[in-house]
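The values are calculated or read from the model by the stated rules, or taken from the named source; none is laboratory data. Not measured: the values here are computed from a predicted model. Neighbour counts run over all protein chains shown; Cβ positions are idealised from the backbone, glycine included.
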Amino acid sequence: MMGRGRLAAWGIGLAALVALPFVYRDPYHLHIMVLILIWSFAYTSWSMMGRFGLVSLGHGGFMGIGAYVTALLWNHLGWSPWIGIPVSMAAAGALALIVGYPCFRFRITGHYFVLVTLALSGIVLQVITATRDYTGGSLGYTPNRAAGNKLWSLQFDDKITWYLIALGVWLFGIVLWHWVDRSMARYALEAISEDEDAAAAAGVDVTAEKLKITLLSALMTALAGALYCQYQMFITPDTVSGIAVSLQMVFAAIVGGLFVSLGPTFGAIITIMLAETLRIGFGTKAVGWDNLVYGVLLVLFIIFLPKGILGSLLDRLKPQRKVPRAHEQEAVQIARPGT
Amino acid sequence: MLEVNGLVKRFGGFTAVNNVSFKVDQGEILGLIGPNGSGKSTIFNMLSGTLAPTSGSILFDGSEIAGLPPHRIINSGIGRTFQIPRPFRRLTIFENVALAGFYGQGRHSRARAEEAAERSLAMVGLPTDRHASVDGLGAAGLKKLELAKALATAPKLLLADESLGGLDEAEMGQAADMLRNIRDELGITIIWVEHIMGVLMRVVDRVMVLDHGEKISEGLPSAVAGDPRVIEVYLGTDAETTQAAAAAARRRAGVQ
C-alpha cells in the first residue's frame, strides 16, 4: 500500500532520472551511471532470493551464462540478441532449476546451500575458460560489430540510448521486487526461511516456492549479464562470472540493505564509486584493492549494520515504519518458550 | 472419515510406532494419550505428512494419503498444530494466519485468505488487527495462534498436538472448551494429543492410549481410565498391584 506521497516521490525521481542525460551529457559520468544501473539490476536480482535467507554464491554463473550465451549466439549463429537474450535467460533458468531442485527437495539449506552454489559459480567460470576456442578463454570475448540495423543487433554507440535502456531494466527490477514484496509468496518465503516444516504445515509447497524465486532471480541475473555484454561489447570470465562477481553481489546487496527495494541500488552506487575512485586514484597499483576493501567492509557490515546503509537510514527516519520484520531483529529475538 | 491400518514407523533399528490401527468418525473428538516417547507425535507427523510411514495405510475421506508431502495433505483437509508453537516471527500475527489461509486452501485468492484469517483469529480470541507482532504473545497466545493457523487452512480434520503444555489451570480449561467449540460450531473432527489426562478426558468422545509405539487401550474415557494397563503405564507397577488388590477386595465383597 504505497502512500500518495511516496508515489509522487518516485514519479519525480524517475522523471529527473529520465531527463538527466538530455541535460547533462558528460560521457564519463553517463558511463558510470549506466554501469551503476546495470549492476544495480544484477544486485537487485540477487537480493530477490538473498533477502529470504537463500544466500547464493552461484549468481556469477547465471550472469556469465547471460553474457556469454548471448554473445556466442550472435557471433557464431548470427542470432540477434533479441533472440539470444531470452535463450541465455532460459539456459540460466534451466541451470538454476537443475541445481535448485535437488537442494530444495533434500533440504540443503544454510551453509550447505551456499557451498553448492559456490561450486556452480566456479564451474561456469571453468567452462568458459576451458572452451577458449569458442569463448576466447580468460582473454575475453567481443561480440562482432553489426554492419546493419543497430536495433536488431542491440548495439548502440551513444550513451544516452544505453542510459535509457539500463534505466528501464533497472526500474523493471525494482517493480519486480515490489511485486514479490506484496505477494503472498513473500509470506511463504519468509515463513520458509524461518521454519520449513511449519511452513509446509500451513500448506506451503516449500520446494516449489523456493524454486520459483530462484528461477526468477536467475532469469533476472542472466538478463543483467546479457545487458552488460551488449553495453561493454567486451566480456571476460572474471568480469561477468565466477566467485568474485558472486561475492560482489552479496557485498553490495548487504551493504546497501537487503530488505529495502533500493538497498541493492545503493550498494551498487557505493561499490562502483569505490572501484572507480581506487582505479583513478591509484591506477594499476590498486588492482584488486577494491576486493580487499569489500572483504573488510562485508565483515564489518554483517556485525554492526546487518540491515545495510539504506535499511538503517530508513529505519532512523521512520522508526515506526510498518511492523518490524523479525529478521531485522534477529539479535533481540526472544527464545521460543518451551525450547 | 479417517482410517489408519497397520501404521509402522521405524527410525533405524528403533520402532517408534508399531502396527497401530484406528478409525476416527465424522464429528468426533478422539483423544490420543500416552507417556513421553510413546509415539503420539510420530503418528501425528505421519498423518500430517511431516514423516513418511515405513508401512501401513492412512485413508482420509476414502483416499490414501500415507507418504504424501505435507502441503498436499493440508490441502486435502487436514490441519495441524505443533506441540511447541512454531509461529513465523518475521510476519505479523495476521500475516501468519493469512498465509495458512492462502496456501492451506489451495491458493485461491488473497481476499479469501484474509477472510479466513479474520474468522480464525476471532474464533480463538486473538486480535484481528493487521499490524500486531507475534513478539507480543505469551505462551497461551502462541498456542492460540497455532490453532488459528490450523483453522485458517479450513480443515475437516484437526490434529491438535499437546495444545495445553505450558498453560495454567484456567487457560487449560479455556483451551479445552475452545476445542469443543471448534467441533460443535465448525463441525471439525479433532484428534487431540495430550499429556494431561484430566482436561482431555472431560472433552473427548473416545480415547486411544499408546505405550512404546503400540496401542494398549481404546474406548470411552471412563472405561479407559479404569483400564489396568493404562493405569500401569501412567502410574507404574505399584499402582497395578494396588489396583489388583482393590479388585480382589471388590470381588471378595461381591462374593459375600
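Can you say whether A:Ala198 is facing chain B (nearest Cβ under 10 Å) and buried (at least 22 other Cβ atoms within 10 Å of the Cβ), as far as the supplied structure shows? So A:Ala198 passes the test.
In the set (1) surrounded by fewer than 24 Cβ atoms within 10 Å (Cβ to Cβ); (2) part of a helix (DSSP H, G or I); (3) within 14 Å of chain B (Cβ to nearest Cβ); (4) touching a helix residue (DSSP H, G or I) at 6+ places or on another chain (Cβ under 8 Å), the condition left unmet by A:Lys210 is number (1). Quick check on my filter: what residues within the range A:69-85 are among the hydroxyl-bearing types (Ser, Thr, Tyr) and part of a helix (DSSP H, G or I)? Result: A:Thr70, single match.
Give the range A:57-68 a look and list any residue that's more than 11 Å from A:Pro143 (Cα to Cα) and in a helix (DSSP H, G or I), or say none.
The initial filter retains those residues of the range A:57-68 that are more than 11 Å from A:Pro143 (Cα to Cα), namely A:57-66.
Those that are more than 11 Å from A:Pro143 (Cα to Cα) and in a helix (DSSP H, G or I): A:His59, A:Gly60, A:Gly61, A:Phe62, A:Met63, A:Gly64, A:Ile65, A:Gly66.
There is at least one residue in the range A:94-105 that is at pLDDT below 95 and surrounded by fewer than 18 Cβ atoms within 10 Å (Cβ to Cβ). Annotation: of all residues in the range A:141-174 being over 13 Å from A:Pro21 (Cβ atoms) and among the polar types (S, T, N, Q), the one that is surrounded by the fewest Cβ atoms within 10 Å (Cβ to Cβ) is A:Asn149. Applying the set (1) under 19 Å from B:Ile190 (Cβ atoms); (2) small (Gly, Ala, Ser); (3) away from every other protein chain (no Cβ under 12 Å) to B:Ala170 leaves exactly one unmet item: (1).
Table: residues versus (1) in a strand (DSSP E or B); (2) of a type in the set (Lys, Arg); (3) farther than 18 Å from B:Ser120 by Cβ; (4) not assigned by TED's automatic domain parsing to the domain that holds B:Glu28.
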| residue | (1), (2), (3), (4) |
| --- | --- |
| B:Gln174 | no, no, no, no |
| B:Met178 | no, no, no, no |
| B:Asn181 | no, no, no, no |
| B:His195 | no, no, yes, no |
| B:Gly198 | no, no, yes, no |
| B:Met201 | no, no, yes, no |
| B:Val207 | yes, no, yes, no |
| B:Glu232 | no, no, yes, yes |
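If I filter the range A:188-205 for residues that are on the phi > 0 side of the Ramachandran plot and of a type outside the set (Val, Ile, Thr), do I get at least one hit? Even if it seems obvious, please write down each step before you answer.
If we filter the range A:188-205 for residues that are on the phi > 0 side of the Ramachandran plot, which is where we start, we get A:203.
After this cut, where a residue has to be of a type outside the set (Val, Ile, Thr) as well, the list is A:203.
Yes: one or more hits.
Among the residues that make up the range A:272-279, is at least one of them part of a loop (DSSP other than H, G, I, E, B) and at pLDDT below 90? No; the residues of the range A:272-279 include none that is part of a loop (DSSP other than H, G, I, E, B) and at pLDDT below 90. Which of the numbered conditions does A:Ala91 fail, given that it passes all the others? Conditions: (1) in a helix (DSSP H, G or I); (2) within 30 Å of A:Ile302 (Cα to Cα). Failing condition for A:Ala91: (2).
With respect to B:Ala154, is the statement that it is assigned to a loop (DSSP other than H, G, I, E, B), of a type in the set (A, V, I, L, M), under 25 Å from B:Ser76 (Cα atoms) and touching a residue at least 40 places away in the same chain (Cβ under 8 Å) true? Answer is yes for this residue. Can you say whether B:Gly187 is in the same structural domain as B:Gly34 (by TED's automatic domain parsing), exposed (fewer than 15 other Cβ atoms within 10 Å of the Cβ) and on the phi > 0 side of the Ramachandran plot, as far as the supplied structure shows? It is true that B:Gly187 is in the same structural domain as B:Gly34 (by TED's automatic domain parsing), exposed (fewer than 15 other Cβ atoms within 10 Å of the Cβ) and on the phi > 0 side of the Ramachandran plot. Among the residues of the range B:88-104, count how many are farther than 17 Å from A:Val206 by Cβ and not small (Gly, Ala, Ser). The number of residues fulfilling the criteria is 6.
Within the range B:126-146, does at least one residue satisfy the condition of being under 17 Å from B:Phe44 (Cβ atoms) and within 12 Å of another protein chain (Cβ to nearest Cβ)? Looking through the range B:126-146, at least one residue is under 17 Å from B:Phe44 (Cβ atoms) and within 12 Å of another protein chain (Cβ to nearest Cβ).
If you scan the range B:96-122, which residues turn out to be among the hydrophobic types (A, V, I, L, M, F, W, C) and buried (at least 19 other Cβ atoms within 10 Å of the Cβ)?
Within the range B:96-122, B:Val97, B:Ala98, B:Leu99, B:Ala100, B:Phe102, B:Ala113, B:Ala116, B:Ala117, B:Leu121 qualify.
Do we have any residue at all in the range A:150-163 that's free of Cβ contacts under 8 Å to residues at least 24 places away in the same chain, within 14 Å of chain B (Cβ to nearest Cβ) and either out of contact with any Pro (no Cβ under 9 Å at 6 or more places or on another chain) or closer than 27 Å to B:Ala98 by Cα (or both)? No, the range A:150-163 has no match at all.
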